[in-house]
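To start, the structure itself, in structure tokens.
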Amino acid sequence: MEAAVYYVFLAMTLGGALGVLLTPGYVGAAMSMLASMLGVAGLMLMMGAYFPAFVMISVYAGAVLVLFVFVVMLVGDAHEPVRLWRKFAFLVLWAAAGAVVGLYAPEMSSWAESKLASGVSGSSGALEVAKNYGYAMFKNNMLAFQISGLLLLAAMVGVIAVAKEPAVRKRRREMV
Amino acid sequence: MHCQLSEFLAPALMLFATGFAGAVLKKNAIIVFMCVELMLVGAMLALLSFAAANGDVNGGVYALFVMAIAAAEVAVGLAILVRLFRLRGVVDVRDMNSLGD
Amino acid sequence: MGVEVFMTNILLNSLALAAAGVPGGAAAAPGAVSTPACDWVELLLRVLFSLVAIIVVMSFAGLSVVAERKVCAYIQGRYGPNRTAIPWVLAVPVLGKFLQRAGLMQLVADGLKFLFKEDPLPAHVNKVWYVAAPVISLAPVLVVACVIPFGVYWSNGAAMPLSVANIDVGLLFALAVGALGVYGTIMAAWSSNSKFPYIGGMRACAQVISYELTMALAVLPVVMFVARDAESPLNLFEIGRAQSASAWFCLAQPLGALLFLIALFVETNRLPFDIAESETDLVSGFHTEYGSFKFGLFYVGEYGHMVVGSALFITLFLGAWNPLPWLAWPEEWGAVAAVLSVLTFLVKIAAMLFFFIWIRWTLPRFRYDQAMNLGWRALLPLGVANLVFYMLWLGF
């Protein structure tokens, strides 16, 4: 049962990522990315990280992708047709890469596990409780938290400054 | 919950690779942006899978920071795109070369 | 065609519910029994429970369609639907006449009309997404319904929630998945390939981005209050339990409740904020190109959204299953108290639905720019101020 759910999420993740590259329109790409994001959130659920999974859905699906679609609708959808043979070649390459990654995943993971602090991948109980994230964020990573807060503030100011129509041009437009 | 590292590292790697391919190959600025997002998500998934394997919640917190950065990046990038579209009427990266020649 | 859409919907839902329910089983809040997720009987039970939750939400949605017509009629000094009748029901002495007058059978007629109408597929639409959009607008609503605690029961002295999946981050789940409903609107708008739906879709995007923030900010003080003495403050059951035999959060945080309620009207696309489908300037907005059962799904989706949104509001601010502030159903009553708690919750949902309808037929619609201004210049700063105030309050 769990394996079946895992493969559904895996297919969503990778298929969605592929869809971003292969669908001709913007909105199609955004919707493929939505599928991919939901798949990733599902994978996070499978590994027991409930809080990041739902924050992920909330941030990416609820805000980032809606923003993408909004801008796409402002700019107007365009079709960027990809030639069929290129699409096919890309698909083959991608599948080959996927196969290699899938083949070497156990080796990769055992190498990574030999570097882990505990030495073995196992229980992830700490990730399941939402409160732990709060403690980790405000105890161990306070500086990083403050810096990302500052970054968000700077981004907000920057966005408003960039996207706002300059006062001069607005006045000129009103005069015409 | 049961957690096998390779089960989550492999999709993370594939996501990152797909995003990278798109960021390099695609001509359209909006799609390029989406591909950069895919790369960030791949990195996030890798961080979380290591956190889960290690049983350490700090990795999960880093994933949250990555999300904040991704959101900020998208907002700024899309604002620039909208401005560019108003100025030039295109969002094709091949046309953004006025500093090039 | 309509039947196919409906079947796809059911299928999608059960898949989504299974996916949501399985990890939820392991993430049960402390105090609840956690069960192995692989147990097939357990899974089957969960699917059954989720079907019950879906039936409750859908029947409330259906009844509120009738209630909408009746209440609007009374507000406008009319009778509303009071003629439709099924002959053999009408033959029942008193009840039949009453049902006819109450317009309850109008619901059946409406549903059948949607089902049996010709299902046109305009030539200019993007076919796949045109069909998928109504399903996507309805599915998230029903998925959210599975985390809402409809009541409480006691086993061995421990309070347990009557919900399908009592997940640790239920509030986050409800907000995140509930926000996915907007993709139905967006897809409908875009795939219709026509002017008015397009504008409607753009408005829906802008609106969702603006008011999502207010919603999250309004919820945070509640979580902070609950976190004082609960182990997992994002759990909806814990939030409900924090309000039993103590002040409801709408009394402790009136501003937060108001902000959440306004954001809820936006999220559900209800009238003071239904600028995505405002029929005065956009024909009927994002679903202009839709007809027959696909339109019916949008229609039901809106009411389902209202039901689930009201349930969320009730759980967060209106004391969940508790009858009155500072008063809880006594534990000694056992099963009777459990039934009463569920009844209380359902009555509160009905009252909230009435409130939604009342507002719709009382207030005029905001213009698009007014709604944006209100969201960014008034509600967002108020939300931040509300959060800071309660942070200081809890700090000192």
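The values are calculated or read from the model by the stated rules, or taken from the named source; none is laboratory data. Remember, predicted model here, so these are calculated numbers, not experimental data. Glycine also receives a Cβ, built like all others from the backbone with ideal geometry; neighbour counts cover every protein chain displayed. The accessibility values were calculated without ligands, DNA or RNA, using every heavy atom of the protein model including side chains. Shrake-Rupley method; radii C 1.70, N 1.55, O 1.52, S 1.80 Å.
List, please: which pairs have Cβ atoms under 7 Å, are six or more places apart or on different chains, and start with a residue in segment C:225-253 that is on the phi > 0 side of the Ramachandran plot and touching a residue at least 60 places away in the same chain (Cβ under 8 Å) and end with one that is of a type in the set (A, V, I, L, M) and open to solvent by 10 Å² or more (accessible area, probe 1.4 Å)?
C:Ala245/C:Leu327; C:Ala245/C:Ala328
Check A:Arg83 against each of (1) over 25 Å from C:Asn166 (Cβ atoms); (2) modelled with pLDDT of 90 or more and name the one condition it does not meet.
(2)
So is A:Leu22 open to solvent by less than 40 Å² (accessible area, probe 1.4 Å), under 12 Å from the mean Cα position of the chain (by Cα) and more than 7 Å from every other protein chain (Cβ to nearest Cβ) or not?
Considered against the rule, which asks whether it is open to solvent by less than 40 Å² (accessible area, probe 1.4 Å), under 12 Å from the mean Cα position of the chain (by Cα) and more than 7 Å from every other protein chain (Cβ to nearest Cβ), A:Leu22 comes out as no.
Does C:Gly170 fit the bill of being crowded, with 24+ Cβ neighbours inside 10 Å, within 11 Å of another protein chain (Cβ to nearest Cβ), at pLDDT 85 or above and out of contact with any strand residue (DSSP E or B) (no Cβ under 8 Å at 6 or more places or on another chain)?
yes
May I ask you to list the residues in segment C:199-252 that are away from chain A (no Cβ under 11 Å), of a type in the set (A, V, I, L, M) and open to solvent by less than 40 Å² (accessible area, probe 1.4 Å)?
Passing the criteria: C:Leu217, C:Ala218, C:Val219, C:Val222, C:Val226, C:Leu236, C:Ile239, C:Ala242, C:Ala247, C:Ala252.
For segment B:70-92, check the following and say yes or no: at least one residue is out of contact with any strand residue (DSSP E or B) (no Cβ under 7 Å at 6 or more places or on another chain), open to solvent by less than 50 Å² (accessible area, probe 1.4 Å), among the hydrophobic types (A, V, I, L, M, F, W, C) and within 19 Å of A:Gly134 (Cβ to Cβ).
Scanning segment B:70-92, I find no residue that is out of contact with any strand residue (DSSP E or B) (no Cβ under 7 Å at 6 or more places or on another chain), open to solvent by less than 50 Å² (accessible area, probe 1.4 Å), among the hydrophobic types (A, V, I, L, M, F, W, C) and within 19 Å of A:Gly134 (Cβ to Cβ), so the answer is no.
Just for segment C:343-359: of the residues that are of a type outside the set (Ser, Thr, Tyr) and closer than 24 Å to C:Phe225 by Cα, which one is most open to solvent (accessible area, probe 1.4 Å)?
Ranking the candidates gives C:Lys348 first.
List the number of the failed condition for B:Leu47; all other conditions in (1) within 7 Å of another protein chain (Cβ to nearest Cβ); (2) open to solvent by 40 Å² or more (accessible area, probe 1.4 Å) hold.
Only one criterion in (1) within 7 Å of another protein chain (Cβ to nearest Cβ); (2) open to solvent by 40 Å² or more (accessible area, probe 1.4 Å) is unmet by B:Leu47, namely (1).
So which residues in segment C:303-342 are closer than 28 Å to C:Ile262 by Cβ, without any contact (Cβ under 8 Å) to a residue 40 or more places away in the chain and open to solvent by 30 Å² or more (accessible area, probe 1.4 Å), if there are any at all?
C:Pro323, C:Leu324
Results for (1) under 30 Å from C:Arg270 (Cα atoms); (2) part of a loop (DSSP other than H, G, I, E, B); (3) open to solvent by less than 70 Å² (accessible area, probe 1.4 Å), shown as yes or no for each residue.
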| residue | (1), (2), (3) |
| --- | --- |
| C:Val47 | no, no, yes |
| C:Ala53 | yes, no, yes |
| C:Val56 | yes, no, yes |
| C:Tyr79 | yes, yes, no |
| C:Ala85 | yes, yes, yes |
| C:Val92 | no, yes, yes |
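For the structure I just gave you, tell me whether C:Ala385 is of a type in the set (Gly, Ala, Ser) and open to solvent by less than 70 Å² (accessible area, probe 1.4 Å).
Taking the combined requirement at face value, the residue satisfies it.
Checking the structure you have, find out if any residue of segment C:331-350 is closer than 19 Å to C:Trp248 by Cα, in contact with a Gly (Cβ under 8 Å, 6 or more places away or on another chain) and of a type in the set (Phe, Trp, Tyr).
Scanning segment C:331-350 turns up at least one residue that is closer than 19 Å to C:Trp248 by Cα, in contact with a Gly (Cβ under 8 Å, 6 or more places away or on another chain) and of a type in the set (Phe, Trp, Tyr).
Kindly indicate whether A:Ala17 is free of Cβ contacts under 8 Å to residues at least 40 places away in the same chain and more than 7 Å from every other protein chain (Cβ to nearest Cβ).
It is false that A:Ala17 is free of Cβ contacts under 8 Å to residues at least 40 places away in the same chain and more than 7 Å from every other protein chain (Cβ to nearest Cβ).
For B:Ala52, are the conditions met, namely being buried (at least 24 other Cβ atoms within 10 Å of the Cβ) and either modelled with pLDDT under 85 or polar (S, T, N, Q) (or both)?
yes
Inside segment A:56-70, can you point out the residues that are more than 7 Å from chain C (Cβ to nearest Cβ) and open to solvent by 10 Å² or more (accessible area, probe 1.4 Å)?
Result: A:Val59, single match.
Scan segment B:36-53 and report the pairs whose first residue is over 18 Å from B:Gly22 (Cα atoms) and whose second residue is of a type in the set (Asp, Glu) and part of a helix (DSSP H, G or I), with Cβ atoms within less than 9 Å and a gap of 6+ or a chain change.
Hits for this filter: B:Ser49/B:Glu7; B:Ala53/A:Glu113.
What number goes with the only condition from (1) touching a Cys at 6+ places or on another chain (Cβ under 7 Å); (2) closer than 18 Å to A:Ala155 by Cα that B:Gly19 does not pass?
It fails just one condition, (2).
Do we find that C:Gly395 is at positive phi, open to solvent by 10 Å² or more (accessible area, probe 1.4 Å) and out of contact with any Leu (no Cβ under 7 Å at 6 or more places or on another chain) in this structure?
Answer is no for this residue.
So which pairs qualify, if the first residue must be in segment C:176-198 and more than 8 Å from every other protein chain (Cβ to nearest Cβ) and among the polar types (S, T, N, Q), the second must be open to solvent by less than 10 Å² (accessible area, probe 1.4 Å) and assigned to a loop (DSSP other than H, G, I, E, B), the Cβ gap must be under 9 Å, and the two must be at least 6 apart or on different chains?
These pairs meet every condition: C:Thr185/C:Ala276.
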